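First comes the structure, then the notes that go with it.
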Amino acid sequence: MILNLIDQLKIKHVNIPIFIPELACPHQCIFCNQKKISGAVSSPSPVEVVKTIEEHLATINPNNSNVEIAFFGGNFTGLKKEEQIEYLIIAHKYIQEGVVDSVRLSTRPDYISNDILRLLSQYKVKTIELGAQSMHDEVLQRSGRGHTVEQTIVASKMIKDWGFDLGLQMMIGLPGDTMEKSITTAEQIITLGATNTRIYPTLVIKDTKLEELHSEQKFSPLTLDESVRWTSEVYKIFESGGVKILRVGLHPSEGLLHGGELIAGPFHQSYRELVLTELWHEELKHLAQNNTSERICIFVNPYQLNYAVGYHGKNRDMLLNKFRSVKFIPDAKLIKREFNVSYS
Ligand code: SF4
């Protein structure tokens, strides 16, 4: 009971990310050059892992934070068992000391077995994220994923049966993908019982098979507008299914930000903001229709204010075409994209 109360008071969620790059992964999905995406070039040594954790912990107040060590990138359960155990022992020690609350990791659907789950359970891993990417075999096959939809379904069920939190990541705009397929992928992710997800638009990264296909004009990435539209459809589905969306768009690593590694595709530093701008646009566009008032005030949740106004003021400008004055006013009583309007 007391522990529950303490947990409730820990309001800030802090992730300590440890990147395990592609070296650990024997596969080569056509879109992936993991070391370029994560910015890491070799697996971190145990000493480096401890250093990363200590550096993060030094900036965190454990009394008001929920701290999670997250092994991202690559394919954690594809590492040699001894390496997995080495990393898990380090993370587990911080849990036992009470300075870290949980551990999460990401891996592939075809690297899940009862033996692997037994090991992860022993070291108190809480969340396992699978790169599902698509729930359509043709898309998986054309993307060189090397696993099937059925394997994602079986692995997800095993993870749930063992009592882990399940995360299922998806990509949009892979070869053979359509908006309808992305939507059914999101729906199936909900059906499989995922509590969290990440949505990644497909980018063409240097030194990947996709770069070759792109240069041979056999693959075209989505435009930024298309990608934002698809993502916003998928976003709404996850929201209504109660699945937490942990990330939208790719982490802007140095290479991508400086443009050296990104060949083509819908990359934007404020991708999530563009998606939320689009979702608010859908809500607000009706206000400009059939209305003869001159002024409009829109009350929104304070955390939604920027998105309601829109990226670079897009939604406010849309309303300014109709009204002489447009004001957005924060109202903490409203949640998510709820809003109230007053006209004068
Ligand atoms: S499984 Fe993951 S790390 Fe391995 S190639 Fe595919 S996307 Fe990259």
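A simple spin-label model places the labels of Ser325 and Asn64 3.7 nm from each other, with each point 7 Å out along Cα-to-Cβ. Under a Gaussian network description of the chain, with springs only between Cα atoms under 10 Å, the residue in Ala194, Ala132, Ala332 that fluctuates furthest is Ala332. Report note on the peptides 309-320, 171-182: ranked by the mean count of other C-beta atoms within 10 Å, highest first, their order is 171-182, 309-320. Cross-link partners of Lys93 among lysines, defined as those whose alpha carbon lies under 22 angstrom from its own and excluding same-chain residues fewer than eight positions apart: Lys10, Lys12, Lys51, Lys80, Lys81, Lys124, Lys126. Each residue, Lys126 and His27, gets one label point 7 Å from its Cα in the Cβ direction; the gap between the two is 2.6 nm. Build a GNM of the chain with springs between Cα atoms under 10 Å apart, and of Gln304, Gln28, Gln96 the one that fluctuates most is Gln96. Multiplying the residue separation of Asp225 and Asp207 by 0.36 nm and subtracting their alpha-carbon distance yields 3.9 nm. Of the peptides 122-129, 103-110, the ranking by mean beta-carbon count within 10 Å, highest at the top, reads 103-110, 122-129. With a simple spin-label model that places each label point 7 Å from the Cα along the Cα-to-Cβ direction, the separation between Ile183 and Glu216 comes to 3.3 nm. If R0 equals 30 Å, the separation of the Cβ atoms of Cys297 and Lys236 corresponds to a calculated FRET efficiency of about 0.70.
With the helix formula -39500 (n - 2.57) applied to DSSP H stretches of n ≥ 4, the chain reaches a computed 222 nm mean residue ellipticity of -11500 deg cm²/dmol. Take the Cβ atoms of Lys80 and Lys157, set R0 to 22 Å, and the FRET efficiency comes out at 0.25. Most simply put, segment 2-269 has about 5% antiparallel DSSP beta bridges, counting only bridges with both residues inside it.
Taking R0 as 30 Å, what FRET efficiency do you get between Glu338 and Ile245 from their Cβ-Cβ distance, rounded to the nearest 0.05? So the FRET efficiency works out to roughly 0.95.
What is the distance in Å between the Cα centroid of segment 296-344 and that of segment 124-169? First find each Cα centre; the distance between them is then 39 Å.
Values in this text are rule-based calculations from the coordinates and carry no lab data. Everything numeric in this text was worked out from a predicted model, so none of it was measured. Every residue, glycine among them, receives a Cβ derived from its backbone with ideal geometry; neighbour counts consider all protein chains shown.
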